[in-house]
Structure formats: C-alpha cells, structure tokens
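The values are calculated or read from the model by the stated rules, or taken from the named source; none is laboratory data. Since this is a predicted model, take the numbers as computed values, not measurements. Counting neighbours? That spans all protein chains shown, and the Cβs are built from the backbone with ideal geometry, glycine included. Heavy atoms of the whole protein, side chains included, go into the accessibility calculation; ligands, DNA and RNA do not. Shrake-Rupley method; radii C 1.70, N 1.55, O 1.52, S 1.80 Å.
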Amino acid sequence: MEEQTKENLEDLKELIKEFDRDSLVERAERYDFLLSLESRHENVMFHGKIPLLAFEAAGNSYINAKFIGSVVLAQIVIEQSLSQLFNASGRNSRNWNFPQLLKESQKENWITEEEHDSFDVLKDIRNPYVHYKNPLSKHTLMKRMIDSGEDENEVLEKDAKHALEAMYKIINKFTF
C-alpha cells in the first residue's frame with residue numbers, strides 16, 4: 001500500500017509540474033497586476049488574523065485564477081478592517097450589515113464617497129456568488145455575460161480585479 005501511495009504522489013507531482021509550466025505566464029501577469037496595486041509602504045498592519053489570512057488568500061486566489069475566491073476574500077478584508085476601526089474607537093459594529101458599515105465609515109471620514117461606491121459595487125458583485133439568485137437576475141454572472149458579450153472567465157477576472165482594487169484602497173490607506 002505504501003508503494004502505491006508513493007507512486008501516486010509521484011504522478012500527482014508530475015501533474016502539478018505540468019500545470020505550473022502551462023500556467024506560468026498567466027500567473028506572472030496576474031501577480032504583476034497585484035504588485036501594481038501596492039502602495040509600497042514598508043508595513044501593512046492587520047488587526048487580527050482573519051484579515052491577514054483573507055488578504056493573502058485573495059491574492060493567491062487571483063494569481064491562480066480562482067476569481068470568485070478573490071471577490072469573497074477581498075470583501076472579508078474590507079469588512080473586517082472597517083469593523084476593527086470601529087471597535088478600536090469604542091463603537092460596536094458587530095450587528096451592522098456591509099451597507100451600514102460603509103455608511104458609518106463614510107460618516108467618520110474613514111472612506112471617501114468614491115471608495116464607498118467602489119465597495120458598494122463589490123457588494124453587488126459578491127452577493128450572487130454567495131447567495132442563490134435566479135441565473136438571469138441583476139448582477140449574476142450569467143446576466144452580466146449576456147449583457148456584456150464577454151465569456152465567463154473575462155467577467156470573473158474583471159470582478160476579481162475590481163474586488164482587489166477595492167481591497168487595496170483600504171490596505172493602502174491604513175498602512176504606514
């Protein structure tokens with residue numbers, strides 16, 4: 001049995017190497033996009049493990065073309081980061097939904113109107129991925145593919161890029 005496992009692992013390693021070779025250029029291009037979003041600050045500060053883990057996973061998901069993961073994870077970073085600002089200032093935001101969190105953050109001048117709008121678009125993109133909708137409902141992947149004439153991967157990658165750009169607005173704003 002152990003011999004079969006070793007042989008199976010060798011086969012799997014070869015498959016992974018082949019995938020790595022075949023996707024290297026595209027992954028490097030996506031990594032370059034991520035690097036273009038960074039502000040080049042020395043230190044990025046995360047309050048808690050979840051935003052840090054979600055930040056790292058959002059980038060890794062994008063690099064590896066797992067675009068829905070990037071969308072969901074980017075919103076986690078934004079929501080956790082803003083909630084932690086409220087917590088640090090003595091305000092409890094635990095029961096707020098994302099739109100309320102954005103509204104209150106804008107009142108505090110922690111986010112601009114443009115950032116609020118970008119985060120609100122992210123919410124519209126993310127919702128059909130995490131909550132079932134009729135496939136032809138507003139904001140669903142299928143509806144946007146039909147309306148734009150783009151293929152699935154193009155729409156998904158645009159969604160991920162928007163999500164990551166939104167996430168980096170928060171990351172770059174609250175770094176030192």
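Across the stretch 56-69, the number of residues qualifying as part of a helix (DSSP H, G or I) and either surrounded by fewer than 18 Cβ atoms within 10 Å (Cβ to Cβ) or not aromatic (Phe, Trp, Tyr) (or both) comes to 9. When VAL121, VAL72 are checked against the criterion of being of a type in the set (A, V, I, L, M, F, W, C), surrounded by fewer than 16 Cβ atoms within 10 Å (Cβ to Cβ) and in a helix (DSSP H, G or I), VAL121 stands alone in meeting it.
Here MET142 clears all of (1) in a helix (DSSP H, G or I); (2) open to solvent by 50 Å² or more (accessible area, probe 1.4 Å); (3) under 18 Å from SER83 (Cβ atoms) except the condition numbered (3). Could you tell me whether LEU35 is at pLDDT below 95, under 12 Å from ILE63 (Cβ atoms) and not basic (Lys, Arg)? In short, yes. Entry remark, the stretch 74-94: residues being within 17 Å of VAL130 (Cα to Cα) and without any contact (Cβ under 8 Å) to a residue 24 or more places away in the chain number 1 in total. Of all residue pairs spaced 6 or more apart or on separate chains, those with beta-carbon atoms under 7 Å, a first member in the stretch 125-145 that is charged (D, E, K, R) and a second member that is crowded, with 16+ Cβ neighbours inside 10 Å are ARG126/VAL71; ARG126/VAL72; ARG126/GLN75; LYS133/THR140; ARG144/VAL155. Considering only residues that are open to solvent by 50 Å² or more (accessible area, probe 1.4 Å) and either touching a Gly at 6+ places or on another chain (Cβ under 8 Å) or within 30 Å of PHE86 (Cα to Cα) (or both), which ones fall in the stretch 145-175? LYS161, GLU165, LYS169, LYS173, PHE174, listed by residue number. Determine whether ILE16 is among the aliphatic types (A, V, I, L, M) and more than 24 Å from PRO128 (Cβ to Cβ). So ILE16 passes the test. Taking the criterion of being farther than 20 Å from VAL72 by Cα, open to solvent by less than 70 Å² (accessible area, probe 1.4 Å) and of a type in the set (A, V, I, L, M, F, W, C), the residues of the stretch 86-110 that qualify are PHE86, TRP110.
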